[in-house]
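Here is the structure we will look at.
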């Protein structure tokens with residue numbers, strides 16, 4: 001399996017605090033990698049360093065062999081890296097369809113063709129497919145801000161996939177989602193992983209969700225990787241149990 | 001279809017209005033058209049892209065002085081339109097750079113300082129602008145044999161330019177650029193993660209809004225036929241900001257309504273003699289306090305509540 005993402009010795013310090021401390025790992029094509037750890041273990045900081053939101057203090061990130069350390073998020077997006085955020089990030093005044101078109105429009109053509117080209121940037125069919133895939137058909141023309149939290153979460157995830165990314169980093173996709181919607185979200189993520197052969201890295205606190213979705217799990221504590229393995233092995237790992245529960 | 005018919009009707013009404021009016025009334029209508037254009041520019045920068053600017057008057061000034069200097073030296077107004085738009089676009093692009101580093105009131109102060117700088121240049125660089133003496137005798141254009149010297153003709157010319165600018169603005173806000181501007185205003189971090197080059201769109205929002213301000217200035221000069229620096233001081237920038245907010249920032253028809261309130265309402269209130277500006281100020285204070293989304297926001301709120309109540313009745 002080809003390596004999609006390589007993280008080597010990544011470090012991020014804030015003053016005297018090392019939020020991420022020499023983290024190295026690979027992500028392989030088509031896999032769903034879970035990234036778990038107690039609050040404050042550095043998961044979101046690690047995500048933000050990989051995704052160009054924060055400049056790492058040291059180390060290197062490569063996407064399919066190409067150095068991407070510190071690259072701007074919009075350039076990373078154009079290289080096929082999508083993401084979601086811990087908190088909901090949909091554009092509340094745009095319709096569901098416009099949110100999806102926006103998520104894909106910057107990947108097609110240049111600035112001028114977007115100005116003088118069609119209003120939907122030629123993405124009407126792709127947006128329709130995504131609307132159907134995430135079962136948002138009845139809400140397609142509604143303003144995103146009028147949707148329920150769970151529906152907005154589905155839209156948020158759908159937006160990350162609109163441009164057909166090769167790698168998607170999902171930051172707590174299950175956060176605040178009710179049980180019914182959670183099953184739906186997991187099923188959709190699995191299906192899109194199969195259909196697009198997309199590679200995922202998922203930060204999640206919901207253990208049942210992450211264990212049932214991911215094929216491999218990394219555990220982070222105090223900015224370092226303390227365990228790595230299959231979900232079942234991680235569940236029974238003494239170091240992991242200690243990190244979560246303390247002495 | 002219904003919308004297009006309504007627009008045509010509105011355009012016909014606007015073209016017919018001045019025929020029963022005295023020259024001052026026609027002047028006010030022309031000023032409304034010019035200020036609407038300037039406010040359309042600011043609405044793109046502030047309303048759609050969310051970048052506060054207190055420098056729109058400077059671009060109206062740059063446009064007006066470009067037109068005055070060129071046309072009093074025999075150049076056609078068409079050249080002034082092109083040059084003012086290009087000049088304002090370039091200066092607006094440069095003014096956008098601070099917006100890449102600061103936002104909100106910090107950005108307001110940066111643009112405020114720029115406005116002061118332009119005012120000082122207009123006032124002090126006498127060799128170019130004639131300073132406080134201003135430039136007089138600015139001619140009104142003759143377009144393919146049609147003289148716009150008479151107030152009605154010049155008003156119709158202003159309406160034509162307003163129509164062209166409106167079409168351009170409509171196209172822009174309904175294109176993917178408009179969607180990107182909205183994303184930039186609502187959530188720049190998320191927009192960036194979706195591939196929206198927020199840096200380039202911020203600069204574009206400033207540049208295009210400024211260019212439209214410059215175009216308004218080119219019309220302003222032959223309208224008043226005499227310009228001097230104080231007309232483009234901070235007061236006008238605040239007034240344009242008021243037009244955008246009162247009409248409804250980020251709403252396409254907001255500037256049309258806001259400019260009408262700002263230009264025409266004080267005149268209508270003149271029946272109250274010395275109190276008219278106080279009444280106007282009170283109206284603006286109440287509107288902004290109780291309906292920050294402007295008159296169009298208020299209309300939208302009323303429409304939604306009417307729809308809800310008629311639904312619950314059935």
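For this structure, a couple of remarks:
- Annotation note: of B:309, B:272, B:305, the sole residue that is outside any loop (DSSP other than H, G, I, E, B) and either under 21 Å from the mean Cα position of the chain (by Cα) or surrounded by 12 or more Cβ atoms within 10 Å (Cβ to Cβ) (or both) is B:272.
- In the set (1) at pLDDT below 95; (2) touching a strand residue (DSSP E or B) at 6+ places or on another chain (Cβ under 8 Å), the condition left unmet by residue B:225 is number (1).
- Qualifying residue in the stretch B:189-196 (condition: under 19 Å from residue B:250 (Cβ atoms) and away from every other protein chain (no Cβ under 12 Å)): no
- Among the residues of the stretch B:33-80, the one identified as out of contact with any helix residue (DSSP H, G or I) (no Cβ under 9 Å at 6 or more places or on another chain) and in a helix (DSSP H, G or I) is B:78.
- Filter result for the condition that a residue is under 30 Å from residue A:163 (Cα atoms) and away from every other protein chain (no Cβ under 14 Å), over B:103, B:108: B:103
- Which numbered condition residue A:75 fails, given (1) free of Cβ contacts under 8 Å to residues at least 60 places away in the same chain; (2) more than 10 Å from chain B (Cβ to nearest Cβ); (3) part of a helix (DSSP H, G or I): (2)
- Taking residues in the stretch B:161-187 that are more than 10 Å from chain A (Cβ to nearest Cβ) and at negative phi, and partners anywhere that are surrounded by fewer than 22 Cβ atoms within 10 Å (Cβ to Cβ) and in a loop (DSSP other than H, G, I, E, B), the pairs with Cβ atoms closer than 7 Å and at least 6 places apart or on different chains are B:170/B:252; B:173/B:252.
- Boolean, residue A:20 is under 21 Å from residue B:194 (Cα atoms), assigned to a strand (DSSP E or B) and touching a residue at least 60 places away in the same chain (Cβ under 8 Å): no
- For residue A:137, the conditions (1) crowded, with 21+ Cβ neighbours inside 10 Å; (2) without any contact (Cβ under 8 Å) to a residue 24 or more places away in the chain all hold with the exception of (1).
- Selection within the stretch A:102-121: residues that are facing chain B (nearest Cβ under 7 Å), farther than 17 Å from residue B:171 by Cα and crowded, with 18+ Cβ neighbours inside 10 Å. The member of this set that is farthest from the chain's Cα centre (by Cα) is A:106.
- Residue in the stretch A:158-165 that is outside any loop (DSSP other than H, G, I, E, B), modelled with pLDDT under 90 and either within 11 Å of chain B (Cβ to nearest Cβ) or crowded, with 16+ Cβ neighbours inside 10 Å (or both) present: no
The values are calculated or read from the model by the stated rules, or taken from the named source; none is laboratory data. What you are looking at is a predicted structure, and each value in this text was computed from that prediction instead of being measured. Every residue, glycine as well, gets a Cβ built from its backbone with ideal geometry; the counts of neighbours run over all protein chains shown.
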